[in-house]
Amino acid sequence: IVRDMLVPQAGALAGAERIHLSLSDDASVDAVLEPIADLIPRGTWIVDHTTTAVTPTAARVARWNARGRTFVHAPVFMGPANALDGTGLMLVSGEFSRHEALLPALQAMTGNVVYMGEAPQRAAAFKLFGNLTLIGLLGVLGDVNRLAHSVGISTSDAVSLFKHFNP
């Protein structure tokens, strides 16, 4: 039954140069790709923009390589406005030849593509470093806002310090 439900997807994949994914997590990437693994043509690149964990990303690349497919992890720092404007930051890791082959298409999507190295899971690690930094900064700015409010200083005045002070 499941195989019959996938027949329309097989037609949609025919002739595709690349499949781009941007999903919620590792489990969703596998849930989308695994059922159609045999339907993805060998020459079709799989480019995953999902924020994923390091170890499952390495395993996923190895699994797709073993199948004779080209899987590249390229997580992004982009919101919807960036996607519309083709701006933001994309990280890529894995075989350098894959990065070179994809670079023109990826630059058109984001304008800023950074190669993170040969190990296929490196982009996943650096994406998580960035996310942790953003979360930490939001916490610090929240603390600055609360302290400013408690001493009668506006938030805009409090953050004006950073025009002069770059920690």
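General observations
- Just one of the listed residues (Leu128, Leu106) is within 17 Å of the chain's Cα centre (by Cα), within 18 Å of Thr52 (Cα to Cα) and of a type outside the set (Phe, Trp, Tyr), and it is Leu128.
- Only a single item in (1) under 30 Å from Leu39 (Cα atoms); (2) within 14 Å of the chain's Cα centre (by Cα) is not met by Leu89, and it is number (1).
- Matching entry among Gly130, Gly136, Gly117 (being open to solvent by less than 40 Å² (accessible area, probe 1.4 Å), in contact with a Ser or Thr (Cβ under 7 Å, 6 or more places away or on another chain) and at pLDDT 95 or above): Gly117
- Hits in region 29-66 (condition: hydroxyl-bearing (Ser, Thr, Tyr), surrounded by 14 or more Cβ atoms within 10 Å (Cβ to Cβ) and modelled with pLDDT of 95 or more): Thr50, Thr51, Thr52, Thr57
- Hits in region 67-114 - residues which are open to solvent by 50 Å² or more (accessible area, probe 1.4 Å) and of a type in the set (Lys, Arg): Arg67
- Taking the numbered list (1) over 26 Å from Leu39 (Cα atoms); (2) touching a residue at least 24 places away in the same chain (Cβ under 8 Å); (3) out of contact with any Lys or Arg (no Cβ under 9 Å at 6 or more places or on another chain) in turn, Pro56 passes all entries but (1).
- Contact annotation: residue pairs with Cβ atoms under 7 Å, 6 or more positions apart or on different chains, pairing a residue in region 75-88 that is closer than 23 Å to Arg122 by Cα and among the small types (Gly, Ala, Ser) with a partner that is open to solvent by 70 Å² or more (accessible area, probe 1.4 Å) and part of a loop (DSSP other than H, G, I, E, B), are Gly88/Asn112.
The values are calculated or read from the model by the stated rules, or taken from the named source; none is laboratory data. Note that the coordinates shown come from a computational prediction; the quantities given were computed from them, not determined experimentally. Ideal geometry is used to build each Cβ from the backbone, glycine not excepted, and the neighbour counts take in all protein chains shown. Just so you know, the surface numbers come from the protein's heavy atoms only, side chains and all, with ligands and any DNA or RNA stripped out. Shrake-Rupley method; radii C 1.70, N 1.55, O 1.52, S 1.80 Å.
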